[in-house]
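Each remark here refers to the structure printed beneath this line.
No value in this document is a laboratory result; all are computed from the given coordinates. Remember, it's a predicted structure, so these values are computed and weren't measured experimentally. Here the Cβ positions follow ideal geometry from the backbone for every residue, glycine too, while neighbour counts run over all protein chains shown.
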Amino acid sequence: MANDISLDTPISLVASIRNGIDQVNTKTHVLDNGMRVVCYPYPALQTVGLAVGVRYGSVDENPMINGSAHFLEHMMFKGTERRTWRQINEEVKSIGAYQNAFTSWEMTMYLIQSYKGKFERAIDITSDMIKGSTIPPKEMELERGPIINENLMSIDNPQNLFQDYMPRALFKKHPVKMPIGGDNKKTIKKITRDHLFEIYEKNYAPENMVVSISGGITEERALGLAERYFGDFERDYRKKARSIAREEQKRTTMKVKKKGIKQARIGVGFKCGEFRPDNIDEYLNMLVVNELLRYRLYEEVREKRGLSYDPYCTYNSYQSFGFIAADCGTEPAKVGAAKKVMVGEFKKVQDGEISAKEISNMKEFLRIQYTTRREQTMDYSIAMAMAGLIGGDPTVTERIPALLDRVSLDSARGYGGKYIDVERAAVVLLEPK
């Protein structure tokens, strides 16, 4: 579960949450066809966010057609039994909505945000795409080019180091090592319409999806619209098991030389446990540890030493794997210095060099961040859908701020020391050729 979870709770409840009162306003329902619907009503807002999450991502792919989940995501916009791609685009524009999608390691997500008075049109368009995609052959061949170029953009952007290279350095066997976008030469050109249609038929099924709605809408209207536009969706589904990453952390160094770049990028990473609903404490503690590292790295790498513009740390916890990694861009001559500082900050966490004040500050910072993001309706819908797909409980999105009270100095030190061992760090260096 990525740590872009937000809190959609009225300001009047923040004090209650701080005192540990678990007042949950998130509403969950299951339609007769097995589709889960989650709603956070906030009628005062003017926008409504909709996220439709599918439990299928790059870790679920046949390696021979790696990138197929992402390819299918693109094709879902290319026409249905009711609409051409042009009609989809024109309708979205006519209601002033924002529409997008993304593919991740363990899911594919379809998004739309609209003015609340136009939301029924928005959910109609999105449900039509999900239920009635035709994956037009001509459009598929045309779309292959944009996909290849999107992958090239990712490869050309050193800031994508953690997503493109860090999993490969950390995981030698688990499918998370495969690039989400696939390989232009080895796999993308081999993917056929039959491949995509098989994935669509076997995985885009009500029981394998979460519909998430948040913002300026009542619970009754959200559920009514979900029933109206998704309740008639029927498709057989057999749940597929995912292998859990059980590889030991090993010292690894990956060096990648690239033409056409001026800046080097250095990353340091460590495996963590997968997300488990019965061990939410691990997720909470690592969330706080990650925020502490992010804060410290910004101070040490950028503010005190001027080694980088963008030092960053990210924690990723999914059903089948987890890792924490830091990276930064720097001048090639300063790579050694940047690596030394980054490793040093991880070592401090490994050794328990954390204060009670720091933990308290990070917890409060996270609570405020999640609270102030509550009005970002599409972001919150994504967070609830992700929680439902990864952990099975969309309400955890709202409960995180209260649950943070369970993080203590000792527990943060314990989890940080459990996973961080700088002698076995995975290091990725991307440098100019």
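Applying 1/(1 + (r/R0)^6) with R0 = 51 Å to the Cβ-Cβ distance of Val30 and Arg305, what FRET efficiency is obtained, to the nearest 0.05? It comes to 0.45.
Calculated FRET efficiency, Glu234 to Ser360, Cβ-Cβ distance, R0 = 35 Å: about 0.10 to the nearest 0.05.
Taking the Cα centre of the chain as origin and assigning +1 to Lys and Arg Cβ atoms and -1 to Asp and Glu Cβ atoms, the resulting dipole is close to 1640 debye. Multiplying the residue separation of Lys347 and Lys418 by 0.36 nm and removing their Cα-Cα distance gives an extension gain of 24.4 nm. Rounded, prolate or oblate, given the Cα gyration tensor of the stretch 233-350, with a/c below 1.5 counting as rounded? In terms of gyration-tensor shape, prolate. The spread of Cα positions in the chain, taken along each principal axis and listed from longest to shortest, comes to 58, 55, 37 Å. Among 290-296, 36-42, sorting by the average number of other beta carbon atoms lying within 10 angstrom of each residue, highest first, gives 36-42, 290-296.
When the chain is described by a simple charge dipole with +1 on each Lys and Arg Cβ and -1 on each Asp and Glu Cβ, the residue from Met76, Leu45, Gly145 located farthest towards its positive end is Gly145.
When only Cα pairs below 8 angstrom with a gap of at least 6 residues are kept, the chain shows a relative contact order of 27 percent. Please give me the summed charge of the neighbours of Glu91: other residues whose Cβ is under 11 Å from its Cβ, Lys and Arg +1, Asp and Glu -1. Here the count lands on +3. Considering only Cα atoms, the convex hull volume of the stretch 333-433 works out to 178 Å³ per residue. The residue among Gly417, Leu225, Leu404 whose Cα reaches farthest toward the positive pole of the charge dipole of the chain, with charges on the beta-carbon of Lys, Arg, Asp and Glu, is Gly417. As a calculated quantity, the FRET efficiency between Asp278 and Arg251 at R0 = 25 Å, using C-beta atoms, amounts to about 0.20. Near Asn33, once Lys and Arg are set to +1 and Asp and Glu to -1 for all other residues with Cβ below 12 Å from its Cβ, the sum equals -3. Could you please state, rounded to a whole Å, how far the C-alpha centre of the stretch 340-411 is from the C-alpha centre of the stretch 165-219? Centre-to-centre distance over Cα atoms comes out at 26 Å. Over 30 Å apart at the Cα level, from the set Lys255/Lys304; Lys240/Lys271; Lys189/Lys340, are Lys189/Lys340. Computed per residue of the chain from DSSP H runs no shorter than four, each worth -39500 (n - 2.57), the mean residue ellipticity at 222 nm is -12500 deg cm²/dmol. For the stretch 177-218, trypsin sites (Lys or Arg not before Pro) meeting the loop criterion (DSSP other than H, G, I, E, B) and having at most 13 other Cβ atoms within 10 Å: Lys185, Lys186. In this simple spin-label model, placing a label point 7 Å from the Cα along the Cα-to-Cβ direction at both Asp156 and Ser408 gives a separation of 5.3 nm. Charge dipole (Cα centre; +1 on Lys/Arg Cβ, -1 on Asp/Glu Cβ; no other charges) of the stretch 252-432 amounts to roughly 860 debye.
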